Amino acid sequence: MRADTRMILALDETDESKALKVAGEVRDLVDAIKINWPLVLSTSPEMISRLARLAPVICDFKIADIPNTDRLIVEQVRRRGASGVIVHAFTGTDSLKAAVEAAGDIDVFVVTEMSHPGGQEFTAPLAERFASMAVEAGAAGVIAPATRPERIAKVRSIIGDLLILSPGVGAQGGSASDAIAMGADHVIVGRSIYGAADPREAAIRLAEEIRGVPRRS
C-alpha cells in the first residue's frame, strides 16, 4: 500500500457507475481504496479487480469465521487482486492465523475496536488483547477508531511498528489530523468524499489537513 497522502477512501457506494467515477476522480489522492460488502453485493466480486487497476484495494470484509472459511475467503480476495483484507480477531487465534497464512503477500489488518458508538460495548474492552493477537499472528496492521483518538495511542503502544488504519473520519465525527497525531498511519474516509458534491475537492481538502501533521518517526 502506498504512503503518500495517508488517506484511504472507504468506497461504500452501491451504484456501480458512481463508485467507479469517484474512484477515478480521487485515485491519485488516496493511498488505497477500501471496499465493503455493499459495493460487492450490488455489483460483483469483479469490482475488486476493476478497482485494483486504479489503486491498491483493501477488502473490508471483517472476516470472522472458522479457520477454513477464513482461509477460503482470504484466498479469493487475494486471487482477485486486492492488496489487503480486514479481519476480526474475536473468533480466536486459530482463525486469525489461518487468515494471515492464506494472505501470502497481501496485508491483513485486524480490527481492535469498531468506530461507531456500539463499538464501545464489546470490542473496546478487548481492544488491547486484539492488538496483541495481531502482533502474535504476524498481521500487517490493525484498525483503531478515529472517533476515539486516545485509543489509537494505546494501540500504538502495543503493536509497535505495525500499521494503524483509522476509520470514522468525517461523517462519524472523527478528525483526520487528530487520528494521525495520535499515531495512525492512515485515516479512512468515506461519505465525506464519495458523498460530496465534488469528491475530488473534498479529498484535496482532507489531504491538505493531513499533510500538516508530522509523520510518525
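What follows is calculated from the coordinates using simple rules that are stated; it is not laboratory data. Just so it is clear, the structure is predicted and the values come from calculations on it, not from any experiment. All Cβ positions, glycine included, derive from the backbone under ideal geometry; neighbour counts span all protein chains shown.
Express in nm, to one decimal, how much length is gained between residue 120 and residue 157 on full extension, taking 0.36 nm for each residue of separation and deducting their alpha carbon distance.
That works out to 11.4 nm of additional length.
Please report Rg (one decimal) and Dmax (integer) in Å for the Cα set of the chain.
15.9, 45
What is the distance, in nm, between label points placed 7 Å from the Cα along the Cα-to-Cβ direction at residue 17 and at residue 75?
For residue 17 paired with residue 75, the spin-label model returns 3.8 nm.
I'd like the trypsin sites (Lys or Arg not before Pro) in the stretch 36-75 restricted to DSSP loop residues with at most 14 other Cβ atoms within 10 Å, sorted by number.
53
Give me, ordered by chain and number, the residues 5 or more places off residue 32 or on other chains with an amide H under 5 Å from its own placed amide H.
It is 9, by chain and number.
Subtract the Cα-Cα distance of residue 37 and residue 191 from 0.36 nm times their separation in residues, and report this length gain in nm to one decimal.
53.9 nm
Looking at the chain as a GNM with Cα springs under 10 Å, which of 119, 168, 141 has the largest mean-square fluctuation?
Comparing 119, 168, 141 in a Gaussian network model of the chain, the most mobile one is 119.
List the residues whose amide H sits under 5 Å from the amide H of residue 164, counting only those 5 or more places along or on another chain, with H placed 1.01 Å from N in the peptide plane.
Residues meeting the criterion, in which the H sits 1.01 Å from N, are 142, 185, 186.
Take a quick pass over the chain and tell me how many lysine pairs come in under 29 angstrom between Cα atoms, counting only ones 8 or more apart or on separate chains.
Here the count comes out as 10.
Which ³J(HN,Hα) values, rounded to whole Hz and listed in residue order, are derived for the stretch 105-122 from phi using the Karplus coefficients 6.51, -1.76 and 1.60 in 6.51 cos²θ - 1.76 cosθ + 1.60 with θ = phi - 60°, glycine and proline given as x?
Each residue of the stretch 105-122 in turn: 8, 9, 7, 10, 10, 9, 5, 9, 7, 6, 8, 7, x, x, x, 7, 6, 10 Hz.
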